[in-house]
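Here the structure comes first, spelled out in structure tokens, and everything after it is commentary.
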Amino acid sequence: MKKVFYSILRVIERVVLWFYPPFKRLMPEQTFKYAATGGMNTVLDIFLYFVFYNFILDKEIVDLGFIAIAPHIAAFLMSFAITFPTGFILAKFISFPGSYLRKRIQLLRYGMTVLGNIAINYFFIKLFVEEFGWYATPSKIIATLIGILFSYISQKYFTFKVSSQK
């Protein structure tokens with residue numbers, strides 16, 4: 001199973017690097033890898049959000065008995081449950097493979113970074129949907145774009161530090 005996992009990662013990395021040459025002058029390889037893998041994970045996140053919100057939840061409130069969750073927030077939490085681990089794996093093994101930190105420290109720091117991003121997403125999704133009256137999926141897209149810069153900086157300099165960045 002481990003062989004299959006690493007084989008899949010190598011294929012993903014080769015595909016990402018196949019697209020890198022035209023961007024070579026614009027950004028370092030690591031930044032491109034982060035943009036590509038983060039972009040893939042973001043597209044997956046938005047796709048899952050759309051499916052969960054529109055088809056699984058059918059835009060209905062999720063009543064857990066002790067709390068009721070708005071469908072746009074429930075869809076966000078559901079898509080997050082899938083894209084948190086995929087994002088960590090792509091960042092750790094493809095974007096920032098040279099980190100000297102232990103895996104559990106990286107995972108903890110990744111979780112902290114993601115919590116910051118969750119707060120950003122939650123705040124802006126609620127603001128855009130509930131206060132501005134915007135549609136849920138475009139609101140999610142805009143909230144995600146706002147969090148991208150925060151994510152890149154925090155992951156590069158905090159979560160997946162390399163020794164030259166000490």
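Within segment 79-114, the set of residues being over 20 Å from PHE5 (Cβ atoms) and surrounded by 20 or more Cβ atoms within 10 Å (Cβ to Cβ) comprises SER79, THR113, VAL114. Within segment 20-56, the set of residues being aromatic (Phe, Trp, Tyr), loosely packed, with under 15 Cβ neighbours inside 10 Å and either under 22 Å from LEU77 (Cβ atoms) or in contact (Cβ under 8 Å) with a residue 24 or more places away in the chain (or both) comprises PHE47, PHE55.
For (1) closer than 19 Å to SER139 by Cβ; (2) not in a helix (DSSP H, G or I), each residue gets a yes or a no:
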{"residue": "LYS3", "(1), (2)": "no, no"}
{"residue": "GLU13", "(1), (2)": "no, no"}
{"residue": "PRO22", "(1), (2)": "no, no"}
{"residue": "LEU26", "(1), (2)": "no, yes"}
{"residue": "GLN30", "(1), (2)": "no, no"}
{"residue": "LYS33", "(1), (2)": "no, no"}
{"residue": "GLY38", "(1), (2)": "no, no"}
{"residue": "ILE46", "(1), (2)": "yes, no"}
{"residue": "VAL51", "(1), (2)": "yes, no"}
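Among the residues of segment 119-136, the one identified as surrounded by fewer than 16 Cβ atoms within 10 Å (Cβ to Cβ) and either at pLDDT below 90 or polar (S, T, N, Q) (or both) is TYR122. Kindly check whether there is at least one residue in segment 147-157 that is more than 20 Å from PHE47 (Cα to Cα) and assigned to a loop (DSSP other than H, G, I, E, B). No, segment 147-157 contains no residue that is more than 20 Å from PHE47 (Cα to Cα) and assigned to a loop (DSSP other than H, G, I, E, B). Cβ-Cβ distances below 6 Å connect the following pairs, each with a first residue in segment 87-116 that is of a type outside the set (Val, Ile, Thr), a second residue that is surrounded by fewer than 17 Cβ atoms within 10 Å (Cβ to Cβ) and part of a helix (DSSP H, G or I), and a separation of six or more residues or different chains: PHE93/LEU9; TYR100/SER163; ARG109/PHE158. The set of residues from segment 122-132 being more than 15 Å from PRO71 (Cβ to Cβ) and part of a helix (DSSP H, G or I) comprises PHE123, PHE124, LEU127, GLU131.
The values are calculated or read from the model by the stated rules, or taken from the named source; none is laboratory data. Please read these numbers as outputs of a predicted model, since none were measured by experiment. Virtual Cβ from ideal backbone geometry, glycine too; neighbours counted across all protein chains shown.
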